[in-house]
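Here is the structure we will look at, set down as structure tokens.
Just so it is clear, none of the values below were taken in a lab; they were calculated from the coordinates. If you're wondering where the values come from, they're calculated on a predicted model, not measured in any experiment. Glycine gets a Cβ as well: all are built from the backbone with ideal geometry, and neighbour counts include every protein chain shown.
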Amino acid sequence: MAKVYDRLDKDNGSWGWRGAIRDGRSKEEQDQLLNTVADCALSDKEDVWECLDGPNRKFTVGWMRKRIADKYQETKGKTRWCRWVPKKIRIFIWRLSRNRLPVKDNLERKGIQVNSRRCEMCKEEDETAMHTFHDCMIIKELWSKVKMWWSIQPPVPTCLEDLVEKMEIQAKSKTEKQLLFVVCAATLNQIWKNRNEAQFHNKGIQVNDMFLNVQKESALWIESRAYKVELEKLLWVNSPRLAVKTM
Ligand SMILES: [Zn+2]
């Protein structure tokens, strides 16, 4: 197959097409193409891909992520991308912080009919994301167990994004900040799992079991994903700060 380059007479800049292009669609297309490359200066160097406004004209995933975040996301709240948490859970937290989970309130706003608006965990209030993940009295019990486990102040979130941030803000080091993010992510994940069990399989909520699962799951993620951290499992359940050593 001939390349465009092969059709170009390098000495006088004219094109060698099979037949002369005079008018009609071919002429229009040719003019458009010539316009596109009008500012190009050809050289004998190898072709390379360049990212015109990337750092040093290079493409990096981190740079592209920042560009997308700057251009398309709402200004408040940065995207959290802690590697100690599995990708699926990171996406779940991202959807939650932007209130994109299919809780009843969100479904109704999209015009989807729901049988009942009630939260299936407490059966007392309407189900919104804020209710499900924080305000529900059953879930408040779970959060207070998590707060006691880490001896931190109960955060009072004003929105879904605050929930994670107000936990992390109490960290005394970078490692602790990541640990609190993992714990927060495991708690939110347990809440969603149990909410779905209550919603679709009529299962009752056992706060104690949820809390034990938060401890188990967060330990598992740290052990398998935080390479420079050593975790003493027995200490983790009672004194989590003492259980973690950075290498
Ligand atoms: Zn509730």
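Show me the chymotrypsin sites (Phe, Trp or Tyr not before Pro) within the range 180-227 that DSSP assigns to loop and that have at most 12 other Cβ atoms within 10 Å of their Cβ.
Loop-located and lightly packed - 227.
DSSP loop (so not H, G, I, E, B), at most 14 other Cβ within 10 Å: list which GluC sites (Glu not before Pro) in the range 160-237 pass both filters.
Sites meeting the loop and neighbour criteria: 232.
Taking only Cα atoms and a 10 Å spring cutoff, compute GNM fluctuations for the chain and point out the largest among 61, 207, 229.
61
Counting other C-beta atoms within 10 Å, which of 40, 122 has the fewest, and how do the rest follow?
Fewest to most other Cβ atoms nearby, the residues stand as 40, 122.
Return a whole-number percent for the relative contact order of the chain, with Cα pairs under 8 Å and 6 or more residues apart as the contact set.
It rounds to 14 percent for the chain.
Quick one: length gained pulling residue 43 to residue 15 fully straight, 0.36 nm per residue minus the C-alpha distance?
Gain in length upon complete extension: 8.4 nm.
How about the range 157-247: which trypsin sites (Lys or Arg not before Pro) there are in a DSSP loop, with at most 15 other Cβ atoms within 10 Å of their Cβ? Let's see the in-between values first.
Numbers: sites: 166, 172, 174, 177, 193, 195, 203, 216, 225, 228, 233, 241, 245; in loops: 172, 203, 228.
Answer by residue number: 172, 203, 228.
Size of the dipole of the chain about the Cα centre, Lys and Arg at +1 and Asp and Glu at -1 on the beta carbon, nothing else charged, in debye to 20?
It comes to approximately 660 debye.
Under the classification rounded if a/c is under 1.5, otherwise prolate if a/b is larger than b/c and oblate if not, where does the chain fall, given a ≥ b ≥ c as square roots of the Cα gyration tensor eigenvalues?
The shape class here is prolate.
Determine which lysines satisfy two conditions relative to residue 216: a Cα distance under 19 Å, and not lying fewer than 8 residues away in the same chain.
Those lysines meeting the cut-off are 87, 88, 145, 147, 177, 193, 233, 245.
For residue 64 and residue 30, FRET efficiency with R0 = 41 Å and r from the beta-carbon atoms, rounded to 0.05?
On the way: r = 34 Å, r/R0 = 0.82.
Calculated transfer efficiency: 0.75.
Suppose each label sits 7 Å from its Cα in the direction of the beta carbon; what would the residue 148-residue 99 distance come out to in nanometres?
Result: 3.2 nm between the two label points.
Once you have a ≥ b ≥ c as the square roots of the Cα gyration tensor eigenvalues for the range 134-233, tell me rounded if a/c is under 1.5, and otherwise prolate or oblate according to whether a/b is larger than b/c.
Oblate, since a/c reaches 1.5 and b/c is not below a/b.
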